[in-house]
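Everything below concerns the one structure shown next.
The values are calculated or read from the model by the stated rules, or taken from the named source; none is laboratory data. These figures come from a predicted structure and were not determined experimentally. We place every Cβ from the backbone using ideal geometry, glycine too, and count neighbours over all the protein chains shown. These area figures cover heavy atoms from the full protein model, side chains too; ligands, DNA and RNA do not enter into them. Shrake-Rupley method; radii C 1.70, N 1.55, O 1.52, S 1.80 Å.
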Amino acid sequence: MKSRAQGPGARWGKAVVIGGGFAGLVAARVLADHFSEVVLLERDQVDEHTGVHPHAPQGHHIHGMLAKGAEVLERLFPGLRAELQDLGAPVSDWGENFRLFLPDGFAPRDRTGVEVQTFTRGELERRLRRRVLALPEVTLLSPARCEGLKMESPGRVSQVLYRMDGAEQPAAVTADLVVDASGRSSTLDNWLMEMGLPVPRKRVVKAKITYASVNFERPEKGHPDFNVAYQLVFAPHTPRGGAILAVEGNRWVCSLFGFGDHLPSTDDAGYLDFAKSLDNAHLAEQINRRTHQETIRRYTNVNNQWRPYHKVRQWPDRLIAIGDAVCVFNPVYAQGMTVAALEAELLHRTLAKRRERKTGLDGMSRAYQRTAARIILVPWILSTNSDLMWHPHHQPISARIAHWYNKHLFAVSVRDAGVWSRFVRVFNMVSPPSVLFHPAVVSKVVGHALTRRKRNPA
């Protein structure tokens, strides 16, 4: 994707984005290439200096940008990685700079060629927001609470109703295209039903994972030989896990998480004790070194939920939904921001093709939602298959098979750097899942399973 591409066709008039968080910012960046004006409606008071804001309660916790998502961001915001590096956000190889504890031991430290950058969600949003608000096409209205949509004609959205903070009456903004990027709290399904459009019930898979996070200093002296340490939560015998990431400003951000009753504490001593209970001692070692820290914050709203807008047969023209407004993933798997970036890239391709062919915007929205669903499907399966295994009475055969395969795949990966590298590439969305089912990999997984069964016939 070329930055600030103009395209052969004339720009459309005005696009409106509901939500000024990560998904809204990447959407606004894309729309600025195709519309003369982009209005960004954000319910919180934000400006170019804002990082974490109140209606992004998960903003204080660990966020991961998978390698595929980072590729998309760099195309949308050239130089972003270097800008974050200048602030101290390191770039790390998934083998060399990671200490990952899998159910059967530590993953290999061989170089994988897959690099990711670690930073806080607040700093990432701040950098994106500055760039987006500097675009001449973008106007921010904040704080503005959206209250509904209006149709110009049957089947075509034309206005967004919103209310500025303190205003007695709502205002309306006319739009050629509306993008809902308002996150997990989106009320778009209610608005659609108010317009007489039935929406299928959202799919929900409960994660029952609670996590608690804290930022603290990372002293310049005595750095460990890793930038990321992680322990995987894995049903049914590993209900506790955690991750610690080196981020900008010489800090660590740490999230500890537990399934069910395994709640990470929010007091200093209890937090350290929880970390000491993990098999990956690197987390507790760094937590124990802290001399100054921010508040420990807990977050529990981590259920997977997918609003199946791609199944709405009468989906309105001129309306798009992206990011958590469509699908929320258990954040333990670090998929949400990457999926939102891929959806924004899809929106760019869709609009560019329409401009090239001069076909207009009508008829685009439903096709977009169906294609976006294909982006969502693989990470949804990965996330929900794992989470379903915590529920002994609700395990479909597909989830049991996937869990069995992953269990033995991880066991093989501990001693086989090649298999681990394949998993890393699939997890980071830079390779398709099929690479994990290459005959060479399948034979190792099945061989391990048979060997373990002989050793433990019960």
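Below are the figures for this structure:
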item	result
Cα-projected label distance for residue 187 with residue 300, points at 7 Å along beta-carbon direction, nm	2.5 nm
Relative contact order %, the chain, counting alpha carbon pairs below 8 Å whose residues are six or more apart	20 percent
Label-point gap, in nm, between residue 276 and residue 349 - each point 7 angstrom along Cα→Cβ	5.2 nm
Entries of 14/206; 14/202; 14/208; 150/206; 202/444 with Cα pairs more than 32 Å apart	14/206; 14/208; 150/206; 202/444
Where labels lie 7 Å past Cα in the beta-carbon direction, separation of residue 83 and residue 266 in nm	3.3 nm
Inter-part distance where segment 87-157 and segment 331-363 are each reduced to a Cα centre, Å	16 Å
Percent accessible area from carbon and sulfur atoms, segment 347-458, protein chains only, probe 1.4 Å	59 percent
Sequence-separation-based contact order of segment 352-458, relative, with Cα cut under 8 Å and 6+ spacing, percent	16 percent
Surface accessible to a 1.4 Å probe, per residue, for the residues of segment 387-458, Å²	57 Å²
Kirkwood Rh, angstrom, the chain [1 / mean 1/r, Cα pairs]	23.2 Å
FRET efficiency estimate (nearest 0.05) - Cβ-Cβ, residue 404 to residue 165, R0 51 angstrom	0.45
Additional length obtainable on full extension of the chain from residue 172 to residue 141, 0.36 nm per residue less Cα span	9.9 nm
Contour excess over end-to-end distance, with Cα ends at residue 110 and residue 437 and 0.36 nm allotted per residue	115.6 nm
Per residue accessible area of segment 193-246, 1.4 Å probe, in Å²	48 Å²
Accessible surface, segment 1-135, averaged per residue in Å² (probe 1.4 Å)	35 Å²
Extension reserve of the residue 201-residue 250 stretch, reckoned as 0.36 nm per residue once the Cα distance is removed	13.2 nm
Mean separation of Cα contacts under 8 Å, 6 or more apart, over the residue count of segment 216-294: relative contact order %	31 percent
Cut-off 17 Å (backbone N to label point 7 Å along Cα→Cβ of residue 217), residues of segment 266-294	286-294
Rounded if a/c under 1.5, otherwise prolate or oblate - segment 317-356, Cα gyration tensor axes	oblate
Sequence-distant residues sharing a close amide H with residue 304 (under 5 Å, placed H)	205, 207, 330
Carbon + sulfur, % of accessible area of segment 4-142 - ligands and nucleic acids excluded, 1.4 Å	50 percent
Summed residue charge, Cβ within 12 Å of residue 305's Cβ, Lys/Arg positive, Asp/Glu negative	+3
Alpha-carbon gyration tensor eigenvalues x 5, square-rooted, for segment 196-242, Å	38, 17, 10
